[in-house]
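Have a look at the structure below, then the notes.
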Amino acid sequence: MFSKKGPTSALWKSLAIEFQGKMILAQARDTQAAVIKEFNVDTFPSMVVLPSGSAPRIVYSGKLERDPLYEFLSQHIVAPKPSVAPTLKKEIGPPTKKSPLFSSSNVA
């Protein structure tokens, strides 16, 4: 979100909470000239989605209200790729007389 307002709005905070762990939401102010120039923002407020990889940026053009913003952001969630293949855990049952917990040296 690119904004002229100083404090982060309650709307933007609530969306950040709802999308936590799914995507990163950030706010840049109009005073951050390098960021504004890098993302070619010329109107405020503006909301821009930056997809991963080399995909072009997506500028939101709808109403700055919760439901339309939520729908728009939901369309741009990328499912995380697992970095490690899942492993199966071996279930460990109760100790038996053959297990080290019941060796002849520690059984009375």
- Would you check if there is a residue in segment 37-45 being modelled with pLDDT under 90, of a type in the set (F, W, Y), part of a loop (DSSP other than H, G, I, E, B) and closer than 17 Å to S3 by Cβ? yes
- For segment 1-17, which residues satisfy the criterion of being in a loop (DSSP other than H, G, I, E, B) and free of Cβ contacts under 8 Å to residues at least 24 places away in the same chain? G6, P7, T8, S9
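The values are calculated or read from the model by the stated rules, or taken from the named source; none is laboratory data. Keep in mind that what you see is a predicted model, and the values were worked out from it rather than measured. Positions of Cβ are backbone-derived with ideal geometry, glycine not excepted, and every protein chain shown enters the neighbour counts.
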